[in-house]
Amino acid sequence: MKFKGKSFIAIVLAPEQPFDGWFKELDRIIERSPGFFIDRPIILDVRGSNIPIEDLEHVLDGLGERSIRVMGIDGISGTRLKQGMPPSFGGGRLTAEVDVPEPATQTGKADEAADDDNPQVKEKDVPSSSAASASDTNGHSFAKSLDELERESAKQGDSSIVISDHVRSGQSILHPDGDVTVIGSVSSGAEIIAGGSIHIYGALRGRALAGVAGKDSARIFCTKLDAELVSINGLYKVADDFDGTLRNSPAQIRFENETLVFEGLN
């Protein structure tokens, strides 16, 4: 018998009191992106909360009603869990927080329209509280917010987004509904996560995870391959496993017969 290891990107949810308000925030995310939690590994983080088991049951029931399936609970002893609850889970490594912006206000919409009329006005960082822009360890917001990405996607008329800048270390771009194109490089320590294909018009030094929505036809393209990790539809390879002849060269990566195929681009 052989045992294999496999890495996954999991979403960590940390319930907060009052739970009714927390559930409303989840409902807002689901309303805007119905497939956001579908087929995604979900970890419930209750570290430091000393949550009563009855409250934990209430949280799990509420998540179940929203078709959010929890695979494990971090921060609670397994001896406290009742039969049928997800198992106790630990040992995870923290990454940059992923935020979802607050709903746009009327004033915000007016400001947005003014910005569209004035090309000299740069996009503003949007304060947020849960799923698509990231921060580095110093709290600086780098990734574009989900609202900003959705506005760009709407302008393009499809589900793809274009990032017209370098993606810096600590930054995470998450777009589970389509392709992501980066007009620039992806630095070491940065990551691009896309439901479709990923196009990098520059050096790919960080992590690129394509086809996370279960799309094995997704591909990864870059003008300089120097990635830490690449993945398509959950199948991944790290830098040590790459074809050395393609390092620092234009390349494409595709999924074929349950393996990743690396090819040069002329």
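What to note about this one:
- Ala227 over 15 Å from the mean Cα position of the chain (by Cα), assigned by TED's automatic domain parsing to the domain that holds Arg168, surrounded by fewer than 22 Cβ atoms within 10 Å (Cβ to Cβ) and touching a residue at least 12 places away in the same chain (Cβ under 8 Å): no
- Total residues in segment 177-204, condition touching a Leu at 6+ places or on another chain (Cβ under 9 Å) and not in a strand (DSSP E or B): 1
- Residues of segment 29-87 classified as assigned to a loop (DSSP other than H, G, I, E, B) and out of contact with any Ser or Thr (no Cβ under 9 Å at 6 or more places or on another chain), total: 26
- Check on Gly78, closer than 20 Å to Ile29 by Cβ and exposed (fewer than 12 other Cβ atoms within 10 Å of the Cβ): no
- Test result for Gly195, at positive phi and either free of Cβ contacts under 8 Å to residues at least 40 places away in the same chain or in the same structural domain as Ile173 (by TED's automatic domain parsing) (or both): no
Conditions (1) β-branched (Val, Ile, Thr); (2) surrounded by 17 or more Cβ atoms within 10 Å (Cβ to Cβ); (3) without any contact (Cβ under 8 Å) to a residue 24 or more places away in the chain; (4) closer than 13 Å to Ile232 by Cα, marked per residue:
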site	(1), (2), (3), (4)
Ser160	no, yes, no, no
Asp165	no, no, yes, no
Gly170	no, yes, no, no
Ile173	yes, yes, no, no
Pro176	no, yes, no, yes
Gly202	no, no, no, no
Leu209	no, yes, no, yes
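- Set Leu265, Leu235: member being within 20 Å of the chain's Cα centre (by Cα) and on the phi < 0 side of the Ramachandran plot: Leu235
The values are calculated or read from the model by the stated rules, or taken from the named source; none is laboratory data. Keep in mind that this is a model prediction, so the values were computed, not measured. Cβ sites come from the backbone with ideal geometry, for glycine too, and all protein chains shown count toward neighbours.
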